[in-house]
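The values are calculated or read from the model by the stated rules, or taken from the named source; none is laboratory data. Values in this document were obtained by computation on a predicted structure and should not be read as measured data. Cβ placement follows ideal geometry from the backbone for every residue including glycine, while neighbour counts extend to all protein chains displayed. We work out accessible area using only protein heavy atoms, side chains counted, and drop any ligands, DNA or RNA first. Shrake-Rupley method; radii C 1.70, N 1.55, O 1.52, S 1.80 Å.
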Amino acid sequence: MKPNTNTKTEITFEDFKAEVLNDYKTVVTSRECSLLGRREVLTGKAKFGIFGDGKEVPQIAWAKAFQNGDFRSGYYRDQTFMMAIGELSIEQFFAGLYANTNLEDEPMSAGRQMGGHFATHSLDENGEWKNLTEQKNSSADISPTAGQMPRLLGLAQASKIYRNVKDIDATKFSKEGNEVAWGTIGNASTSEGLFFETINAAGVLQVPMVISIWDDEYGISVHARHQTTKENISEILKGFQRDENGNGYEILRVNGWNYPELIDTYQRASQVARKEHVPVMIHVQELTQPQGHSTSGSHERYKDEARLAWEAEYDCNAQMRQWMIANNIASDEELKAIEKDIKKAVRDGKKAAWSAFINPIKAERDEAVSLLDRVANSSANGVFITKLKNDLEAIDEPIRKDILSATRKALRFVVSEASAEKTELQNWITTYINTIQPKYSSHLLSHSNKKALNQTEVLPTYDANAEEVDGRVVLRDNFDAIFSNYPEALIFGEDAGHIGDVNQGLEGLQAKYGELRVADTGIREATILGSGIGMAMRGLRPIAEIQYLDYILYALQLMSDDLATIHYRTKGRQKAPLIVRTRGHRLEGIWHSGSQMGGILNLVRGIHVLVPRNMTKAAGFYNTLLESDEPALVVECLNGYRLKEKMPNNIGKFKTPIGVVETIKEGEDITLVSYGSTLRIVEQAAKELLEVGIHAEIIDVQSLLPFDINHDIVKSIAKTNRLMVIDEDVSGGASAYILDEILNKQNAYKHLDSQPKTLAAKPHRPAYGTDGDYFSKPSVEDVFEAVYEVMHEVNPTDFPKLR
Ligand SMILES: Cc1ncc(C[n+]2csc(CCOP(=O)(O)OP(=O)(O)O)c2C)c(N)n1
Ligand SMILES: [Mg+2]
């Protein structure tokens, strides 16, 4: 017999077989998790389930092309991918379903997000960057469909910056910009504006982004004919294909059940994006939903029998199985044995996850039961407390709400008694809440050494003969210092590049720092914001410029859903220290008045909201923020760029503290609280009030979120005993927020001798023109009269009624 000289090929085929078998194990494991996951919801162990069944095989092909340093920005169907890259175990899958609050058990979000929302850890337990080039990365998912798209753009753009901008320390973030950002989106969600905006922007920017569209013809119950023109997203996007007429996309189509073709397609996509920095779109067609959309309903309601039969036949796992048998990779019997083993492994993993979830809670419950027992024995109301105890003890699968509800109710039965057991119960409840509450509420803001509140003030200093310049010059020179001090800092927005922004705060800086660091963008606020999020998640320090505050509403959804929640929703394992720069306040006209602060404040908890009254203060905020690692919105005063300010001699170094108010005029009669451009109105009114003998104290809030962390405003009110909040927003907006902070958090009501007042704008949007402004927002006369009225009530003799 001739010796086999062709061992290489044989080994390669064996390797190939092993790899395919391994892939098959992953898809079957994923499917079993989906099937069992659905049952866990239907039997009440979990609240809601949305799974990746029917999308398994393409994700295997994707995972093979995904390299260390790459990033994912996707949606809830991607569990198979996460398993294939080794970032989701069976136990972790179920821990997510149960909302296990322990980050070690549930690394995606520590139970804060529904299952199906995936993330990896970019930060260590101290909030410091890990080396992202040595791991596979997934940015944390959000639920609003297509909300993952703008962030995806930024994740891809970061590679372009790292490849082309020198001097950035990229050690932890990039190897010559070779990382690809991979996105996924459902076919129906491509109907969203965010999808189209992102697709266009990535085509313009030519960034290494690969977007996979998982096409199962449905979006919950709604068929493609109601979603997509021609029912075919890649068909209608054909014009984006790159060709001899210009740059664009590589658009690829593949059927989601065709394992070998999927592998080829993803390898090709990876190459094109990674090497050439050309965006790629992969339309993955003919996918299915074996269990329907989610646990909320069954798809038999809206799919006919023919469709259901087709889905059964073209189920990607079933097709892969047939292909393996047809190609002699495994026999039916071998596969059955594998499937049986996997069923058991998934069942075991589920049980282990359930124990890890429920046992600590049961231990907490047992502790509460034994305490309630002791309290009952020592109380005249023992019989009622015993009932609470018995009910708690009888719950098979208790949750923490059951435990606290029983113990807190029990405390009411002993409120008039004095016993060691009562004290013990009081202390136990307090300690329990203090221990458990952070599981649900921690990490809204940074926990690292760089957190914004750790930054201390550095005052601007001046030469004796300091020059008076337009405010925008202070800003411009400060941005110059920033770009020179921080190679990783960059700014981009509409008109931010070539002309140096509409108010010349970036004048000449593009010529100095290049088109990538001081960049013009299209008119696309949502993706300007998303670009910033993605780049900040990869270690850059982006400043996203939204031209006017009025147009931030286009970006506000993402500020609220994505940026504000990143740190919270990963329990501190991802961050995006993005600075959003905009200008607003006190202009004229329905869409040029920049007043909607209340709406913003209520939507972006998790982002600092800073409202500097002049450009020196604004520059100081930027300097503080670049030393910190938290996201912020800075609203510059649109009518302040041409006002004169003294030029500091420590440009780039002075820092405006965050959360600290400033008293800009002292007085004894009333405390006037305001911010931004309205302060100039208030200052003028205060001067005129002085002429009639009313001494107003004026406080500039400066930082709306966080608000007056030192509680300085209440100190002023303790002196004046009167308060008025003046705001150009509608009533119930920022002024209501400010009043709540002062009255409820600072307990200022104790010091008040007059009704606390707010003076805000009319409920309609501000009308155009100077008179439009005068009759829409508080004027100097309005402030004068409102304050005078308060003083008239106090002292009608000295301040007789004005009108
Ligand atoms: C902005 C937004 N609107 C509506 C929903 C509710 N919703 C969740 S999934 C979904 C359908 C998505 O369909 P598709 O994009 O095709 O993804 P599939 O579930 O089919 O994989 C809808 C309407 C949502 N999460 N976000
Ligand atoms: Mg769909």
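Miscellaneous remarks
- What the phi angles of the range 734-747 give under the Karplus curve with 6.51, -1.76 and 1.60, with θ = phi - 60°, is a coupling list of 4, 5, 5, 4, 5, 4, 4, 4, 6, 6, 8, 8, 9, 6 Hz, glycine and proline written as x.
- Karplus 3J(HN,Hα) series, Hz, for the range 345-356 with 6.51 cos²θ - 1.76 cosθ + 1.60 (x for Gly, Pro): 4, 5, 4, 5, x, 4, 4, 4, 5, 5, 4, 4
- Rounded, prolate or oblate (a/c below 1.5 giving rounded, otherwise prolate when a/b exceeds b/c) for the chain by Cα gyration tensor: oblate
- Taking Lys and Arg as +1 and Asp and Glu as -1, the other residues whose beta-carbon sits under 14 Å from that of Glu19 total 0.
- Looking at the chain alone, DSSP beta bridges between its own residues are antiparallel in about 20 percent of cases.
- Dipole of the chain, positive end: most advanced residue of Leu371, Met535, Gln437 [Cβ charges, Cα centre]: Leu371
- Full extension of the segment from Gln504 to Glu367, taken as 0.36 nm per residue of separation minus the current Cα-Cα distance, would add 42.8 nm.
- Surface composition of the chain: carbon plus sulfur atoms contribute 50% of the solvent-accessible area (1.4 Å probe, protein chains only, all chains present).
- When +1 charges are put on Lys and Arg Cβ atoms and -1 charges on Asp and Glu Cβ atoms, the dipole computed for the chain relative to its Cα centre reaches about 1280 debye.
- Estimated FRET transfer efficiency when R0 is 41 angstrom, pair Ala326-Lys238 (beta carbons, to 0.05): 0.75
- Taking amide H atoms as placed 1.01 Å from N in the peptide plane, the amide H of Met281 lies under 5 Å from those of Ile211, Glu250, Ile251, Leu252, each 5 or more residues away in sequence or on another chain.
- Charge dipole (the chain, unit charges on Cβ, about Cα centre) - positive-most of Leu752, Leu97, Leu132: Leu97
- Modelled spin labels at His226 and Val692, positioned 7 Å past Cα toward Cβ, are 6.2 nm from each other.
- Going by accessible surface with a 1.4 Å probe and the largest first, Trp323, Trp214, Trp428 read Trp323, Trp428, Trp214.
- With viscosity 1.002 mPa s and temperature 20 °C, the Kirkwood radius over alpha carbon pairs of the range 26-81 converts through Stokes-Einstein to a diffusion coefficient of 175 µm²/s.
- Relative to the Cα centre, the charge distribution of the range 714-803, modelled as +1 at Lys and Arg Cβ and -1 at Asp and Glu Cβ, gives a dipole magnitude of about 320 debye.
- Low-density loop positions, GluC sites (Glu not before Pro), the range 193-244 - DSSP coil, at most 13 other Cβ in 10 Å: Glu244
- Taking each residue as 0.36 nm, the span from Glu305 to Lys450 lengthens on full extension beyond its C-alpha to C-alpha distance by 46.3 nm.
- Gain in span if fully extended, Asp167 to Ile436, counting 0.36 nm per residue against the direct Cα distance: 92.3 nm
- Between Phe775 and His792, the modelled label-to-label distance comes to 2.3 nm, taking each label 7 Å out from Cα in the direction of the beta carbon.
- Virtual spin-label span in nm between Glu176 and Phe384, 7 Å along Cα→Cβ: 7.6 nm
- 5 angstrom amide H check on Trp591, placed H, neighbours 5+ away: none
- Take the Cβ atoms of Val204 and Asp402, set R0 to 51 Å, and the FRET efficiency comes out at 0.40.
- Contact order normalised by residue count of the chain, Cα under 8 Å, 6+ apart, percent: 11 percent
- The amide H of Val518, built 1.01 Å from its N in the peptide plane, has Ile491 as neighbours under 5 Å, considering only residues 5 or more places off or on other chains.
- Cα centroid separation, the range 110-129 to the range 523-584: 18 Å.
- Here's the picture: a label point sits 7 Å out from the Cα of Glu134 along the beta-carbon direction, and within the range 154-175 the residues with their amide nitrogen under 14 Å of it are 171-174.
- Residues of type lysines that Lys757 reaches as a straight line, Cα spacing below 22 Å, ignoring anything fewer than 8 places off in the same chain: Lys665, Lys687, Lys715, Lys719, Lys745, Lys777, Lys801
- Most to least accessible of Glu313, Glu627 (protein chains only, probe 1.4 Å): Glu313, Glu627
- FRET efficiency, Ala511 to Arg642 (Cβ-Cβ, R0 22 Å, nearest 0.05): 0.45
- Taking a ≥ b ≥ c as the square roots of the eigenvalues of the alpha carbon gyration tensor, the range 120-193 is oblate, as a/c is not under 1.5 and a/b does not beat b/c.
- Phi-derived couplings, Karplus 6.51 cos²θ - 1.76 cosθ + 1.60 at θ = phi - 60°, listed residue by residue for the range 214-220: 7, 9, 10, 6, 10, x, 6 Hz, with x used for Gly and Pro.
- Given a 1.4 Å probe and the protein chains as shown, Met83 ends up with an accessible area of around 30 Å².
- Among beta bridges from DSSP that stay inside the range 199-298, the antiparallel ones total about 20%.
- Listed pairs Lys350/Lys401; Lys55/Lys160; Lys451/Lys655; Lys646/Lys762; Lys575/Lys655 exceeding 25 Å between Cα atoms: Lys55/Lys160; Lys646/Lys762
- Among beta bridges from DSSP that stay inside the range 130-252, the antiparallel ones total about 30%.
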